[in-house]
Amino acid sequence: MLDAAALWYVAVSSVLTESALNLGVYLASVFRLNRINILIMNTPSNSLTSRREFLKTSALVGSVLAAPAILPGQLFTKENNDTLRVGLIGCGGRGSGAASQALNADKNVVLTAMGDAFEDQLQKSLQSLQKEHPETVKVTPEKCFVGLDAYQKVIASGVDVVLLATPPGFRPLHLKAAVDAGKHIFCEKPMATDAPGIRSVLESVKAAKEKNLSLVAGFCWRYEAARREFYKLVHDGALGDIRAIYATYYAGQVKPMPAASERPADMGDLEWQMRNWYNFFWLSGDGYVEQACHSVDKVAWALKDQSPLKAVAVGGRQTPNNQGNIFDHMFVVYEFSDEVRAFVGQRQVGNSYSDNSDYLMGSAGFGKIQGWSAPYIKGKENWRYKGPKSDMYQVEHNELFASIRSGKPINDGERMAHSSLMGIMGRMAAYTGQEITWEQAMNSQEKLVPDQLDWKMKLEISPIAMPGVTKLV
């Protein structure tokens with residue numbers, strides 16, 4: 001004969017069907033059932049044979065299951081099965097890629113709005129996406145927005161999810177607008193180019209949490225299967241205590257600045273700089289912040305997002321860059337607690353040695369990720385990743401939309417702001433030639449992005465930084 005607990009399991013299993021309950025409610029029910037089962041099993045055995053006591057227990061079980069499905073610190077909401085409408089803000093190569101990945105992430109997602117500062121860029125992106133996703137790109141001419149306020153129009157167009165992929169100087173403004181409007185967000189890296197921008201991002205991150213919005217960051221390596229397993233082993237002690245990390249981002253030059261003579265006569269300062277945004281640090285943050293930020297983020301990941309105490313750096317410009325004002329190389333040394341050091345080398349110069357790797361040195365072993373090859377560890381137990389390969393760009397969107405569907409939002413906000421500030425801190429150290437503390441970086445008052453932008457405005461190009469002369473603000 002089945003005892004009361006077994007009978008209860010049979011009764012519950014008959015109603016916990018997949019069609020009746022979503023996964024969140026099911027797990028919550030199991031959680032409560034386990035608590036009730038413990039209660040029943042701890043009841044003296046003679047009372048379990050009493051029909052009266054069994055009915056009392058059943059009534060208690062029913063009342064608990066009738067209660068809201070709340071787990072500690074987690075509110076399970078109804079699964080979202082509606083069509084999710086996506087708006088793209090920033091229609092360059094990365095934005096177009098993000099839109100394609102969003103459309104591949106879920107069978108019931110459509111792209112309904114696009115915005116960019118420039119018409120030609122938007123139309124090029126739209127044509128490419130229509131060719132790749134003819135059934136799910138539903139962007140009408142009325143939902144194509146151009147200009148400096150295009151982001152506002154996309155957000156107000158009735159979309160559920162926004163993809164932020166403009167030059168990073170605009171990211172804090174666009175992120176705040178999206179969170180204020182209650183949208184789920186994919187936010188490309190880095191998240192700002194200056195400390196005031198980072199502080200704004202942190203405020204938006206907090207607001208997104210309060211509104212239960214998903215906020216997924218474009219630090220894509222954290223969504224790659226091999227590196228997820230590698231860093232989990234590192235965190236579990238496979239290398240012992242981390243003593244030093246050397247991360248490289250040595251690559252070719254990216255979109256060099258055209259000569260001033262190539263500028264059309266009727267093109268204003270703002271458009272000229274935005275058309276060549278990578279070469280201006282107010283827009284890109286410099287190559288170290290915009291590109292090598294992935295290497296910086298992996299350093300942060302290895303050290304469980306611990307903030308560095310301070311940083312020193314060297315850097316400069318070796319190759320001519322016309323009117324641009326970014327460095328083409330930096331080498332930053334971060335100091336952490338317990339005398340741990342992280343070294344990040346960045347160079348973007350053509351016809352030079354290239355390497356994009358991570359070398360981790362611990363008290364009990366060594367870990368290495370060389371380029372795109374499988375990570376490995378030499379330590380107490382040797383290990384090499386042998387699992388399946390994953391498209392990290394696609395995975396981050398898969399997990400974003402899955403979190404929206406399940407009602408369990410992802411929020412990468414704090415770590416994305418942390419890694420972005422680490423990059424800005426390194427640039428500050430290289431530009432000034434000074435030792436920069438974490439507190440100095442976080443509290444810097446240097447605001448690179450103008451408060452008001454206008455196509456006809458006069459926008460002077462800041463001179464390239466000179467270590468020992470350029471001051472920390």
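Read the figures in this text as sums done on the coordinates, not as results from a lab. All values derive from a computational prediction rather than experimental measurement. Here the Cβ is made from the backbone with ideal geometry for all residues, glycine too, and neighbour counts use every protein chain on show.
Assorted remarks:
- Neighbour-limited loop hits for GluC sites (Glu not before Pro), region 376-473 (at most 15 other Cβ within 10 Å; DSSP other than H, G, I, E, B): Glu381, Glu435, Glu446, Glu460
- Ordering Tyr334, Leu283, Gly237 by Cα displacement along the dipole of region 195-354 toward the positive end leaves Gly237 in first place; charges were set at the Cβ atoms of Lys, Arg (+1) and Asp, Glu (-1).
- Applying the Karplus relation 6.51 cos²θ - 1.76 cosθ + 1.60 with θ = phi - 60° to region 231-245 yields 3J(HN,Hα) values of 6, 5, 5, 4, 5, 7, x, 5, 9, x, 7, 5, 10, 7, 9 Hz, where x marks Gly and Pro.
- Label-point gap, in nm, between Lys471 and Ala265 - each point 7 angstrom along Cα→Cβ: 4.2
- Couplings 3J(HN,Hα) of region 173-189, computed from phi: 5, 5, 5, 4, 5, 5, 5, 4, 8, x, 9, 6, 9, 9, 10, 5, 8 Hz, in residue order, whole Hz [Karplus 6.51 cos²θ - 1.76 cosθ + 1.60, θ = phi - 60°; x for Gly and Pro].
- Those chymotrypsin sites (Phe, Trp or Tyr not before Pro) in region 395-473 that DSSP places in a loop and that have at most 15 other beta carbons within 10 Å: Trp455
- Cut-off under 5 Å, modelled amide H: who pairs with Arg243 long-range: Met361, Gly362, Ser363
- Net charge of neighbours whose Cβ lies under 11 Å from the Cβ of Arg227, counting Lys and Arg as +1 and Asp and Glu as -1: 0
- Environment charge at Pro172 (Cβ cut-off 10 Å; Lys +1, Arg +1, Asp -1, Glu -1): +1
- Lysines whose Cα lies under 20 Å from that of Lys380, excluding same-chain neighbours fewer than 8 positions away: Lys232, Lys368
- Computed magnitude of the charge dipole of region 338-436 (debye, nearest 20; Cβ of K, R +1, Cβ of D, E -1): 340
- When the trypsin sites (Lys or Arg not before Pro) in region 385-473 are filtered for DSSP coil states and for at most 14 other beta-carbon atoms within 10 Å of their beta-carbon, the remaining sites are Lys386, Lys389, Lys447, Lys456, Lys458, Lys471.
- This model, with +1 at the C-beta of Lys and Arg and -1 at the C-beta of Asp and Glu, gives region 220-294 a dipole about its Cα centre of some 280 debye.
- Spatially proximal aspartates and glutamates relative to Lys386 (Cα-Cα < 14 Å; intrachain offsets below 8 disregarded): Glu224, Glu229
- Amide hydrogen neighbours beyond the local backbone of Asn411, cut-off 5 Å, H modeled: Leu215
- Among 186-199, 266-279, the order from most to least packed when residues are scored by Cβ within 10 Å on average: 186-199, 266-279
- Distance from region 184-198 to region 100-152 (C-alpha centre basis), Å: 22
- Taking amide hydrogens as placed 1.01 Å from N in the peptide plane, the amide H of Val162 sits under 5 Å from those of Gly87, His184, Ile185, Phe186, each at least 5 positions away in sequence or on another chain.
- Counting only residues at least eight positions apart within a chain, or on another chain, the lysines with an alpha carbon under 28 Å from that of Lys131 are Lys107, Lys143, Lys153, Lys183, Lys189, Lys255, Lys389.
- Debye, to nearest 20: dipole size of region 247-373, +1 on Lys, Arg Cβ, -1 on Asp, Glu Cβ: 240
- Here, region 91-223 has an Rg and a Dmax of 14.1, 42 Å when only alpha carbons are counted.
- You can think of it this way: the chain between Thr83 and Gln445 has 126.0 nm of extra reach, that is 0.36 nm per residue less the Cα-Cα gap.
- 3J(HN,Hα) couplings calculated from phi for region 366-374 with the Karplus curve 6.51 cos²θ - 1.76 cosθ + 1.60 (θ = phi - 60°) are, in sequence order, 9, x, 9, 10, 9, x, 9, 6, 5 Hz; Gly and Pro show x.
- Order of Ser204, Ser100 under a 10 Å beta carbon neighbour criterion, fewest first: Ser100, Ser204
- In nm, spacing of pseudo-spin labels at Glu335 and Tyr376 (7 Å Cα→C-beta vector): 3.5
- Region 258-299 gives an Rg/Rh value of 1.16, both radii derived from C-alpha positions and Rh following Kirkwood.
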